[in-house]
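Worksheet: one structure, shown below.
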Amino acid sequence: MTLLDIDNFKMRTSVAKLMAVAPAISVGDLYHLIVDSKGHMSEAKQRAIRMSEASNIHCQTKRSSRPQQALESDSGDEILVEVDLNDPAFQWDTDEQTPQQSIGSA
């Protein structure tokens, strides 16, 4: 499930707010948290924080003890962002503009 799958704008906004609080939790799980809490955002937020903390603890115990090499970039200030143009969030205009008739031809 993605945010685009949620038709109700208010619900989509609420899920997006929870995504800021608990980014590791899937959109579907956050959606169901709000539904289960009957729209009480404070309760859903607390549950999302608890779930996020529990998953962080679980992930920390599973991590390898091998040292990890940091990613290197040419410039420390450069931020790279990958954009998937096949994402359904991007809607492309497939209409082509018709050529304009010249004013002098009649």
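Nothing in this text is a laboratory measurement; each read-out follows from the coordinates by a stated rule. Since we're looking at a predicted model, the values are computed, not measured.
Overall shape: prolate for the stretch 3-62, with the ratio a/c of the largest to smallest alpha carbon gyration tensor axis at 1.5 or above and a/b above b/c. With 0.36 nm allotted per residue and the present C-alpha distance subtracted, the GLU53-VAL83 stretch has 7.9 nm of extension available. Scalar couplings 3J(HN,Hα) for the stretch 43-49, obtained by applying the Karplus form with A = 6.51, B = -1.76, C = 1.60 to θ = phi - 60°, are 5, 5, 5, 4, 5, 5, 5 Hz; x denotes Gly and Pro.
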